[in-house]
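Novice: This is the structure, below, for whatever I ask next.
The values are calculated or read from the model by the stated rules, or taken from the named source; none is laboratory data. Since the structure is predicted, the reported quantities are computational estimates derived from the model, not experimental observations. Cβ atoms come from the backbone with ideal geometry, glycine included; neighbour counts cover every protein chain shown.
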Amino acid sequence: MSELFFDPAFLLGELGLAALIVVLTLADAFRKPLYQLFNGTTQLSELEYRNRQAGWLTGIGFVIVAALFIYTNKLTGGEPAILLHNSLKAGGGLLIGKLVILIAGILTLLLSIRYTSIESIPGIDYYLLLCFSLLGALTLIAAENFIMLFLALEMMSIPIYAMVGLKRYNPRSDESAIKYLLLGGFSSGFLLLGISFLYGATGSLVISDVLTSLSFPTIELATPQALFGALGLIFLFIGLAFKVSLVPFHAWTPDVYEGAATPITAFMSVAVKLSAFAVILKIFAGSTSFGGFDSILVGMLGFFALITVMYGNSVAIVQTNVKRMLAYSSIAHAGYMALAIAPMTHTVDAAKAVLFYGIGYVAMNMLAFGVLIYLTRQNHYCETLDDLKGVARKFPGAAAMMTIAMFSLAGIPPAVGFVGKIQIFMQLINAHMYITAVIALLFSFVALYFYINVLVVMYMKEPDTDKTIESSHQFPVWVAMAASALLIILLGILPTPLLNWSQQWASILF
Amino acid sequence: MELFIIVLLPLIGAVSNGIVTVINAARGKQVWGEKTAGVIAFGAVAASFVISVYMVFVKLAHSEAISQTAYQWMAVGGLKLSITFMLDHISAVMLLVVTGVSSVIHFYSIGYIHGDESSVRYFSYLNLFVFAMLLLILGDSMPLMFVGWEGVGLCSYLLIGFWYKDEEKAIAGKKAFIVNRIGDFGFLLGMFLIFANIGSLTIADVNHYFHANPGMTFFWINVTAICLFIGATGKSAQIPLYVWLPDAMAGPTPVSALIHAATMVTAGVYMVCRFHGLFLAAPIAMHVVLWIGALTAFFSATIAIFQNDIKKVLAYSTVSQLGFMFMAAGAGAFAIALFHLMTHAFFKACLFLGSGSVIHGMSGEQDIRFMGGLKSKMPHTYWTFLVATIAIAGFPPFAAFFSKDEILWNVFASEYGNKIVWVIGAIAALFTAFYMFRLVYLTFFGEFRGTHEQEHHLHESPKTMTVPLMILAVLSTIGGWIGIPKLLSLGFIPNVLEHYLEHAVSKYGEVHLHHYSHSIEYGLMGLSVAIAIAGWFFAKRKYAAIKGQLPDPATYKGISKLLYNKYWIDELYMKIVVNPLKSLSTNVFLNITDKRLIDGVANGSASSWGRVAMMFSKLQTGNIQSYGFYMIVGAALAVAFIWIIF
């Protein structure tokens, strides 16, 4: 791995995204004249027109950024490098992660184009915030030192606090934004505390240096230095556990998922979670063993992961709001991902399993939320189970999509969720954590109940006659749903390519 | 390659009909209607059947097993899984039964589903089911088998709830799915145990491992086998997980015939036979299989006696017959289990399709108390139904005589068998003959007890429905002849079945039969016949000459009340399992940790600004503090882990 100070070739994608932000801002400045120019030919209201224009602009931008990532790979010959004095890693397998996050962004965008108009959300603000958050996430998974890590994490999170509150006329949205902000601040406090403890223990902020200093036998156990090291790791973990919503740091999740605009919920549940997990993997599952600390971490991770799986799956059963149900489901899924790390085997295999699961989860959650967005109409939310009654009659396509999503979430073959779960459980079995595996398995069966419940409501309940939802053409949403559904099935039947990519990504993390 | 075509044809049928369903609904016009859909679905399965016949009788004739690999599915932590299909003598029997019976039932469906608005969807599901079933049968590793295992469960669920117009069907579908998943948990657990111990999951490896002196302890081998058997009890509706099958009768009748009688429910039996190497190494598990099979055979036969819904009687009969198959497997007679599986597929499919024809003719009536005298109005249905009844009751030379007699003989004589179980099985056989003839007498004999309206509409079903009945009736008659014991045929007619399966099921250990003289064997055979005759005789005496209306079940007393209400098992499960779970999840999890849900619904509907203030006041005093508090508790817990080393 080469160490460079700066080479723009490695950061073409990020630079492109930054440029897109500038372009979007400028385009919005000219929105009025443009609208007036086309006013004669379009039937749309000004807001809708602006939203569509901004949406397509952002979309084109994202596609260009994706192309830039691929071009970067060609330009750098797939060789990774470390930039800016140990601040950022770039290139190589990381590009896979970046592409995945960008794809999550593109899917979010496709889901948003119509939704923003329905909710009267000003599109340009929304897309700008989305771009900022994406840029944060892309930087976060590349961060090589704690300052950069913290910066990127906040760059990813702060736009989301704002996006959650974008449904300005909806008090639920405001409430959840404030909640998320306050609790997010709280968790950042933990994170910073952890970082400063680690700095105190090791005198460095470069992640790899810190990990080396903490590894056995560099550090002697039962010394103040080791104590601070351990505390640092624990607080760092708490800060990150908040982002991926492990119990008991999860409490914001249902409220925020419910209150936020649905595409944002989808984005949060996949992109934020995946990039935060990439960081967790980098720090806790890296190739350097922590020696004595490992036993603390095995206990801690195993404990929190397991109660997360148990709690998320149990509480999801009683939810009547589908977004809330999916929130608890996302909590449970975070638990499963954390379980794969819990054995602390420090192998690429464990990280690979988590990343594979996370990438598969992008497709399934996007699909589940996509169906909800598809069924949302002007003045008609599709959020509760009641709203889904009898949907299969009128929209068999959407119902079929939801079925694919629910089955994948429940881990039923041949969906990608099944392959993901197998890998998680293989990690536990290889580490001889049988009891943990059995409990997790048991709760994955409990989970079936609420996933199936959605299907029962869609397929087997009579629709409420007074709530007729008229169909309307929603091409972008269809594209997003079809792409996700295809990915779910394809990756379930042919997981090998993605397994290889996850492996590449995993090996660059370390 | 051929095996892939066999499996993929139904999938292609399912996908094309599925896409058309979506397009039809979206466009509001028909791309193609029920006729094309039916022909495609039937054609796909029939083609699979033809290729299967070719594969089994031409290709497999000269080899022990054919294995075809498509690609590597995944490689995870030392486990390499490939998409491989394997055809050996065990899967060959199942393959022919499934594709053959499916073809017949698909054909029948064309007539049955005629005029239903969602028939395209129906055929899509039906094909999807066959696809999943074929995966289950041909998959050469446990995960691949599990894909099919889950797939058939899903299709069963979709098809039970196919007419989701009434709540009962929806609930039945859900129940089937959930109960099945309890079984699946056992299956997966067994799979993990096997992987953790032997590091491979292909069927051949598993059987080899347990046959050749395994490193696993006796205890864990039995645990593993019992876990797999729990999976089988879920899928094959055995005690204690049988409760879903009778409810599953809410689905369309051809579905009951195909999935809930002939094919899917036998998957558990098939799986136990597949892993006979493991089961033979686990004597305790064998006893569990034997006893569960016998008890299920007995109890569900008693329940069947007092049911009035024609499909419910057949459903309990299916549960009971599946019990017989497990008795055979538990006695170590895996070939006989497969034999009975095959004959059962024929006569039970015939009975279900016959009941479908009756229900069709009776304008949807399913209660046999309001039938009677259908013999003259529906002659084809009557004759085929009667043949199948004679077959299931065990009259020679009809199919079940040979298979059921062999089961009882093996239970009697095998080293794994035992005499008490034999007695239970014999009594169950007696009840079988009784409730089946009761059904025949109440349905087809006596005077008509339904409404005038129904009598007016009463008609024989169309050819598309009666021809399949005839095919199945013929099979129910001659299907048993491939397994005529030497004792009866005196060696003149070869026992094809034994010859065919002999090697496949004795590869991993012989099961010894205790030695008995020929006279005992003849005696038992005679007893089987006597049992069948006795069952018929009692039924005839009680029900043949019945006059007037039958009593309302509400007036049942004593034992008949107990049996009519199925020993109140459903209610018991509701009380001891379902309700406690629900209250646990509501009271403990919801009320303590997520109070928001209850008032949240009310608040969500309000959008006035006035509410905002309230929300914020709530923020100040309520939730967010407790959320923060949870985090503090979590942090404290996390820090506590430090004591592990300090």
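Novice: Here are some residues: B:Ile12, B:Ile90, B:Ile19. Which one is touching a Cys at 6+ places or on another chain (Cβ under 8 Å) and at pLDDT 80 or above? So that I can check it myself, show each step before the final result.
Specialist: Working: B:Ile12 fails: touching a Cys at 6+ places or on another chain (Cβ under 8 Å); B:Ile19 fails: touching a Cys at 6+ places or on another chain (Cβ under 8 Å).
Testing whether each residue is touching a Cys at 6+ places or on another chain (Cβ under 8 Å) and at pLDDT 80 or above leaves just B:Ile90.
Novice: Kindly check whether there is at least one residue in segment B:351-361 that is small (Gly, Ala, Ser) and more than 23 Å from B:Val255 (Cα to Cα). Break it down into steps so the answer makes sense when it comes.
Specialist: Initially, segment B:351-361 is screened for residues small (Gly, Ala, Ser), giving B:354-357, B:361.
Checking the rest, the ones that are also more than 23 Å from B:Val255 (Cα to Cα) come to none.
Scanning segment B:351-361, I find no residue that is small (Gly, Ala, Ser) and more than 23 Å from B:Val255 (Cα to Cα), so the answer is no.
Novice: Out of curiosity, is B:Leu228 under 24 Å from the mean Cα position of the chain (by Cα) and away from chain A (no Cβ under 14 Å)?
Specialist: Working: under 24 Å from the mean Cα position of the chain (by Cα): yes; away from chain A (no Cβ under 14 Å): yes.
Answer is yes for this residue.
Novice: Let me ask something additional. Is it the case that segment A:236-254 has a residue that's touching a strand residue (DSSP E or B) at 6+ places or on another chain (Cβ under 7 Å) and within 21 Å of A:Asn365 (Cα to Cα)? Please lay out each step first, then the result.
Specialist: Just the residues of segment A:236-254 that are touching a strand residue (DSSP E or B) at 6+ places or on another chain (Cβ under 7 Å), to begin with: none.
So far as segment A:236-254 goes, no, none of its residues is touching a strand residue (DSSP E or B) at 6+ places or on another chain (Cβ under 7 Å) and within 21 Å of A:Asn365 (Cα to Cα).
Novice: Is it true that A:Phe132 is under 23 Å from A:Ala506 (Cα atoms), aromatic (Phe, Trp, Tyr) and either at pLDDT 90 or above or not in a helix (DSSP H, G or I) (or both)? Break it down stepwise before answering.
Specialist: On the way: under 23 Å from A:Ala506 (Cα atoms): no; aromatic (Phe, Trp, Tyr): yes; either at pLDDT 90 or above or not in a helix (DSSP H, G or I) (or both): yes.
Here the answer is no, as A:Phe132 does not meet what is asked.
Novice: May I pose another question? Here are some conditions: (1) buried (at least 24 other Cβ atoms within 10 Å of the Cβ); (2) at pLDDT below 85; (3) more than 9 Å from chain A (Cβ to nearest Cβ). B:Asn197 meets all but one. Which one does it not meet?
Specialist: With respect to (1) buried (at least 24 other Cβ atoms within 10 Å of the Cβ); (2) at pLDDT below 85; (3) more than 9 Å from chain A (Cβ to nearest Cβ), B:Asn197 is out only on (1).
Novice: If A:Phe235 satisfies all but one of (1) farther than 30 Å from A:Thr320 by Cβ; (2) at pLDDT below 90; (3) of a type in the set (Phe, Trp, Tyr); (4) surrounded by 19 or more Cβ atoms within 10 Å (Cβ to Cβ), what's the number of the condition it fails?
Specialist: A:Phe235 satisfies all of (1) farther than 30 Å from A:Thr320 by Cβ; (2) at pLDDT below 90; (3) of a type in the set (Phe, Trp, Tyr); (4) surrounded by 19 or more Cβ atoms within 10 Å (Cβ to Cβ) except (2).
Novice: So which residues in segment A:457-492 are at pLDDT 80 or above, within 13 Å of chain B (Cβ to nearest Cβ) and buried (at least 18 other Cβ atoms within 10 Å of the Cβ), if there are any at all?
Specialist: Result: A:Val457, A:Met458, A:Met481, A:Ala485, A:Leu491, A:Gly492.
Novice: Turning to a different aspect of this structure: Residues in segment B:118-141: is at least one among the hydroxyl-bearing types (Ser, Thr, Tyr), touching a residue at least 40 places away in the same chain (Cβ under 8 Å) and in contact with a strand residue (DSSP E or B) (Cβ under 7 Å, 6 or more places away or on another chain)?
Specialist: Yes - at least one qualifying residue is present in segment B:118-141.
Novice: Let me ask you something else. Tell me, yes or no, whether segment B:255-278 has at least one residue that is within 14 Å of chain A (Cβ to nearest Cβ), touching a helix residue (DSSP H, G or I) at 6+ places or on another chain (Cβ under 6 Å) and either in a loop (DSSP other than H, G, I, E, B) or over 16 Å from B:Ser320 (Cα atoms) (or both). Explain how you work it out, then say what you get.
Specialist: Step one: filter segment B:255-278 for residues within 14 Å of chain A (Cβ to nearest Cβ), giving none.
No - not one qualifying residue is present in segment B:255-278.
Novice: Here is a further query. For segment A:213-232: of the residues being farther than 24 Å from A:Leu281 by Cβ and facing another protein chain (nearest Cβ under 8 Å), which is modelled with the highest pLDDT?
Specialist: A:Leu227
Novice: If you don't mind, another one. So which helices (runs of 4 or more DSSP H) stay within segment A:374-430 end to end and still have 2 or more residues that are more than 23 Å from A:Ile341 (Cα to Cα) and touching a residue at least 40 places away in the same chain (Cβ under 8 Å)? Don't jump to the end; show me each part of the working.
Specialist: Details: elements: A:391-394, A:396-410, A:416-430.
Result: A:391-394, A:396-410.
Novice: Continuing with this model, one more query. Working carefully through the options B:Asn587, B:Asn603, find the one that is in a helix (DSSP H, G or I), within 11 Å of another protein chain (Cβ to nearest Cβ) and modelled with pLDDT of 55 or more.
Specialist: On the way: B:Asn603 fails: modelled with pLDDT of 55 or more.
Residue meeting the stated conditions: B:Asn587.
Novice: Considering only residues that are among the small types (Gly, Ala, Ser) and within 25 Å of the chain's Cα centre (by Cα), which ones fall in segment A:65-77?
Specialist: Here is the first cut: in segment A:65-77, the residues among the small types (Gly, Ala, Ser) are A:66-67, A:77.
Matches in segment A:65-77: A:Ala66, A:Ala67.
Novice: Moving on. From the list B:Met133, B:Met191, B:Met142, which one is surrounded by 22 or more Cβ atoms within 10 Å (Cβ to Cβ), touching a Gly at 6+ places or on another chain (Cβ under 7 Å) and under 22 Å from B:Lys235 (Cα atoms)? Explain how you work it out, then say what you get.
Specialist: Numbers: B:Met191 fails: touching a Gly at 6+ places or on another chain (Cβ under 7 Å); B:Met142 fails: touching a Gly at 6+ places or on another chain (Cβ under 7 Å).
On inspection, the qualifying residue turns out to be B:Met133.
Novice: OK, next. Filter segment B:27-77 down to the residues that are away from chain A (no Cβ under 14 Å), in a strand (DSSP E or B), of a type in the set (A, V, I, L, M) and surrounded by fewer than 17 Cβ atoms within 10 Å (Cβ to Cβ) and list them by number.
Specialist: If the condition is that a residue be away from chain A (no Cβ under 14 Å), in a strand (DSSP E or B), of a type in the set (A, V, I, L, M) and surrounded by fewer than 17 Cβ atoms within 10 Å (Cβ to Cβ), then B:Ala65 is the only one that fits.
Novice: Any idea which residue in segment B:431-468 is farthest from B:Asp367 (Cα to Cα), counting only those that are in a helix (DSSP H, G or I) and of a type in the set (D, E, K, R)? Give the derivation first.
Specialist: Applying the first criterion (in a helix (DSSP H, G or I)) to segment B:431-468 yields B:431-444, B:452-457, B:463-468.
Add one more test, that the residue is of a type in the set (D, E, K, R), and what stays is B:438, B:453, B:455, B:463.
Numbers: B:Arg438: 13, B:Glu453: 15, B:Glu455: 14, B:Lys463: 24 Å.
Ranking the candidates gives B:Lys463 first.
Novice: Let me ask you something else. State all residues of segment A:274-297 that are among the small types (Gly, Ala, Ser), assigned to a helix (DSSP H, G or I) and more than 9 Å from every other protein chain (Cβ to nearest Cβ); if no residue qualifies, say none. I'd like the intermediate steps shown before the answer.
Specialist: Going through segment A:274-297, the residues among the small types (Gly, Ala, Ser) turn out to be A:275-276, A:278, A:285-287, A:289, A:291-292, A:295.
Filter once more, keeping what is assigned to a helix (DSSP H, G or I): A:275-276, A:278, A:295.
Matches in segment A:274-297: A:Ser275, A:Ala276, A:Ala278.
Novice: Here's a follow-up. Filter segment A:258-297 for residues that are of a type in the set (Ser, Thr, Tyr) and buried (at least 22 other Cβ atoms within 10 Å of the Cβ); which is farthest from A:Tyr361 (Cα to Cα)?
Specialist: Filtering segment A:258-297 down to residues of a type in the set (Ser, Thr, Tyr) leaves A:262, A:265, A:269, A:275, A:287-289, A:295.
Among the residues that remain, those that are also buried (at least 22 other Cβ atoms within 10 Å of the Cβ) are: A:262, A:265, A:269, A:275.
On the way: A:Thr262: 16, A:Thr265: 14, A:Ser269: 9, A:Ser275: 12 Å.
Among them, the one singled out is A:Thr262.
Novice: If you take just the helices (runs of 4 or more DSSP H) that sit entirely in segment A:194-267, which of them hold at least 1 residues that are of a type in the set (Ser, Thr, Tyr)? Write out each step before concluding.
Specialist: Details: elements: A:207-214, A:224-244, A:252-259, A:262-267.
Passing ranges, in order: A:207-214, A:252-259, A:262-267.
Novice: Tell me yes or no: at least one residue of segment B:205-220 is under 11 Å from the mean Cα position of the chain (by Cα), within 25 Å of B:Tyr508 (Cα to Cα) and assigned to a helix (DSSP H, G or I).
Specialist: Of the residues in segment B:205-220, the ones under 11 Å from the mean Cα position of the chain (by Cα) are none.
The answer is no, given that none of the residues of segment B:205-220 is under 11 Å from the mean Cα position of the chain (by Cα), within 25 Å of B:Tyr508 (Cα to Cα) and assigned to a helix (DSSP H, G or I).
Novice: Give me the pairs: first residue in segment A:190-215 and within 18 Å of A:Phe510 (Cβ to Cβ), second residue assigned to a loop (DSSP other than H, G, I, E, B) and charged (D, E, K, R), beta-carbon distance under 9 Å, and six or more apart or on different chains, which are they?
Specialist: A:Val206/A:Glu144; A:Ile207/A:Glu144; A:Ser208/A:Glu144
Novice: Suppose we keep only residues that are polar (S, T, N, Q) and within 14 Å of chain B (Cβ to nearest Cβ) within segment A:141-182. Which one would you say is farthest from A:Ser507 (Cα to Cα)? Show your work before the answer.
Specialist: Quick first cut of segment A:141-182, residues polar (S, T, N, Q) only: A:145, A:157, A:170, A:173, A:176.
Then drop every residue that is not within 14 Å of chain B (Cβ to nearest Cβ), which leaves A:170, A:173, A:176.
Working: A:Asn170: 44, A:Ser173: 39, A:Ser176: 37 Å.
If we take residues in segment A:141-182 being polar (S, T, N, Q) and within 14 Å of chain B (Cβ to nearest Cβ), then A:Asn170 is farthest from A:Ser507 (Cα to Cα).
Novice: Yes or no: segment B:157-175 includes at least one residue that is in a helix (DSSP H, G or I), modelled with pLDDT of 85 or more and not basic (Lys, Arg). Show your work before the answer.
Specialist: Filtering segment B:157-175 down to residues in a helix (DSSP H, G or I) leaves B:157-160, B:167-175.
This time we only want the ones that are modelled with pLDDT of 85 or more, so: none.
Among the residues of segment B:157-175, not one is in a helix (DSSP H, G or I), modelled with pLDDT of 85 or more and not basic (Lys, Arg), which makes the answer no.
Novice: Then there's this: Within segment A:298-322, take every residue that is part of a helix (DSSP H, G or I), in contact with a Phe, Trp or Tyr (Cβ under 8 Å, 6 or more places away or on another chain) and surrounded by fewer than 24 Cβ atoms within 10 Å (Cβ to Cβ) and give me the one that is farthest from the other protein chains (Cβ to nearest Cβ).
Specialist: First, pick out the residues of segment A:298-322 that are part of a helix (DSSP H, G or I): A:298-316, A:322.
Right, trim to in contact with a Phe, Trp or Tyr (Cβ under 8 Å, 6 or more places away or on another chain) and you get A:299-301, A:303, A:305, A:309-316.
When the remaining residues are screened for being surrounded by fewer than 24 Cβ atoms within 10 Å (Cβ to Cβ), the result is A:299, A:303, A:310-311, A:314.
Values: A:Gly299: 5, A:Phe303: 7, A:Met310: 10, A:Tyr311: 7, A:Ser314: 5 Å.
Within segment A:298-322, the match that is farthest from the other protein chains (Cβ to nearest Cβ) is A:Met310.
Novice: Please state which of the following conditions A:Thr436 fails to meet, knowing it meets all the rest: (1) surrounded by 19 or more Cβ atoms within 10 Å (Cβ to Cβ); (2) modelled with pLDDT of 85 or more; (3) farther than 27 Å from A:Met337 by Cβ; (4) of a type outside the set (Phe, Trp, Tyr).
Specialist: Only one criterion is unmet by A:Thr436, namely (3).
Novice: Go through segment A:393-431 and give me each residue that's facing chain B (nearest Cβ under 8 Å), more than 15 Å from A:Tyr357 (Cα to Cα) and not charged (D, E, K, R).
Specialist: Scanning segment A:393-431 gives A:Phe395, A:Pro396, A:Gly397, A:Ala400, A:Ile429, A:Asn430.
Novice: Let me ask something else about it. State which residue pairs qualify: first residue surrounded by 13 or more Cβ atoms within 10 Å (Cβ to Cβ) and inside segment B:502-513, second residue in a strand (DSSP E or B) and not hydroxyl-bearing (Ser, Thr, Tyr) in any location, beta carbons under 8 Å apart, and separation of 6 or more residues or different chains.
Specialist: Going by the 8 Å Cβ cut-off, the qualifying pairs are B:Ala504/B:Asp88.
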